[in-house]
Each structure stands twice: as structure tokens, then as C-alpha cells.
Amino acid sequence: GQSLEQPSEVTAVEGAIVQINCTYQTSGFYGLSWYQQHDGGAPTFLSYNALDGLEETGRFSSFLSRSDSYGYLLLQELQMKDSASYFCAVGATNKLIFGTGTLLAVQP
Amino acid sequence: DVKVTQSSRYLVKRTGEKVFLECVQDMDHENMFWYRQDPGLGLRLIYFSYDVKMKEKGDIPEGYSVSREKKERFSLILESASTNQTSMYLCASSLSGGAKQPQHFGDGTRLSIL
């Protein structure tokens, strides 16, 4: 079977750093992606990791360890606008398999 | 910028009706996808298409069908709507499958079946 696990909720304060973990079990693996979805909005692409290591894009970084079937999204210098749901997604043949999402609440 | 347009933002239909959800993308993408999103369940893939007239079942295809007669348009059909199909439906497109190429999503259709 194929499954992804991520925490359902995370709370952090403005200016802090938060890490959202994702573990996966899939029969095939073609990279790990992260998407952000604000309440009532469309999911938007944040990052993609095909190889082990850290990818940085501004305040956001994403990490992958294929041997551990594990990745995380790191958000630095948190802002109120970062309050959203974050989904990890594993690439499979011609499609993505999404996790159930982590709701991040940023408090002042 | 890629634009994925879903025909309706909100839709209310009755049990047993045949329901059509339309999705159009303007970036000549090969791949198109239909998901449903329910609280606590994330995005679940219903069907996807990697070329015109080609379709593949996702994880939850029961009760749904799709049509892709033109590259830019991907339709989701509820053959006989039931109350358990009340959900948010999201359409997406991408240049290719897998994770490398981002999927671009429409704003969603919130469908209520009464």
C-alpha cells in the first residue's frame, strides 16, 4: 500500500521556526513535494526534492532522506500569513499521492 | 502564469442527478487531475489523464467518470449523485506526471448533494 503520515496540527509563534515532518510508504518513489493551501484557497506548489538533502527557497526549506522514507518542510521567520495547511506529496507514475495535511497556526 | 478554471465555485444538486464538473487549463499541459478534498482526509485522487482521450483511475474512482476530448478540458461526471459525494472538488494540471513538475490547481468546486 501507499501512505504518507504528517502531523495534523502544529502551532508556533510569529518569528519562530517550525518543522513539519512527513514519512511515507510507497511502492515507487519519484520525489517528494510540498504544497501550501490557505483556508478556502487552492493548493500551491512550494518545493520538490528528488535527491537526499536540503533545498532552500527563501524562508522555506525542504529536506529529504530516501533511506529513511522521511522528509520535512522547514519554515523560518514565521509570519501570520504562513497560517495554512501544508501537504507533502510523493511522486508516483504519472501522479502524486498526497498526505492528509498539517494545519499550521501562527500566533502573534 | 498557469490558469486552471473550474466552471463553478459552488454547486447544489439533488440525489440521483447526473452532475458535470468542468475544468479548463490554458498552458497546454499534458496531465490533468481530479481530486476530492474532505476534512482530515487530504486530497484524494479520483481520476487523471495524461493525454487526450486517455484516462486512468485514481484511488477513489467509484461513482465517477471523466472525459477528456480536448487537451485543455477535463470533465468529471457524477453518474448518479449521492449524498456521500458532497465534497470540495479540485482540478489540477501539470506539464508531466509525478512530483517534479508542479501541479497547478483551480479554486475548487464545493458540491452539495441534497
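Read the figures in this text as sums done on the coordinates, not as results from a lab. Here the structure is a predicted model, which is why all the values come from computation and not from measurement. Please note: Cβ atoms are built from the backbone with ideal geometry, for glycine as well, and neighbour counts cover all protein chains shown.
Quick notes on this one:
- Cα lying deepest toward the dipole's positive end in chain B, options B:Met32, B:Cys91, B:Leu21, charges on Cβ: B:Leu21
- For segment A:1-86, the dipole from Cβ point charges (+1 on Lys and Arg, -1 on Asp and Glu) about the Cα centre works out to 160 debye, to the nearest 20.
- Convex hull volume per residue in cubic angstrom - Cα atoms of chain B: 94
- Unit charges on C-beta of K, R, D, E only; dipole of the protein assembly as shown, Debye: 740
- Listed residue pairs exceeding 24 Å between alpha carbons, taken from B:Lys3/B:Lys55; A:Lys81/B:Lys100; B:Lys18/B:Lys53: A:Lys81/B:Lys100
- Spacing of the modelled spin labels on A:Glu14 and B:Val52, each 7 Å from Cα toward Cβ, amounts to 5.2 nm.
- Residue-averaged beta-carbon neighbours from other chains (10 angstrom radius) around B:39-48: 4
- Computed over chain B: relative contact order in percent, which uses C-alpha pairs under 8 Å that are six or more apart: 36
- Binned Cα-Cα distance frequencies in segment B:9-55 - 5 Å width, integer %: 5, 14, 20, 23, 21, 13, 4, 0
- Projected label points at A:Arg59 and B:Arg110, each 7 Å from Cα along the beta carbon direction, are separated by 2.7 nanometres.
- Close amide H contacts of A:Ser47 (hydrogens built in the peptide plane, cut-off under 5 Å, sequence separation of 5 or more or a different chain): A:Trp34.
- Across chain A, the relative contact order, built from alpha-carbon pairs under 8 Å that are at least six residues apart, equals 37 percent.
- Sequence of B:Leu111, A:Leu32 once ranked by neighbouring C-beta atoms within 10 Å, starting from the fewest: B:Leu111, A:Leu32
- Label point 7 Å beyond Cα of B:Arg73 along Cβ direction - residues of segment B:1-40 with amide nitrogen under 18 Å: B:3-9, B:19-34
- Build a GNM of chain B with springs between Cα atoms under 10 Å apart, and of B:Phe48, B:Phe33, B:Phe20 the one that fluctuates most is B:Phe20.
- Taking GluC sites (Glu not before Pro) in DSSP loop states with no more than 16 other Cβ atoms inside 10 Å as exposed sites, chain A has its longest site-free stretch at A:15-76.
- Around the Cα centre of segment B:1-106, unit charges on the Cβ atoms of Lys, Arg, Asp and Glu (plus for the first two, minus for the last two) sum to a dipole of about 180 debye.
- With a Förster radius of 30 Å applied to the beta-carbon distance between B:Thr83 and A:Glu5, the computed FRET efficiency rounds to 0.50.
- Rg(Cα)/(2.2 N^0.38 Å) for the protein assembly as shown, N = residue count: 1.01
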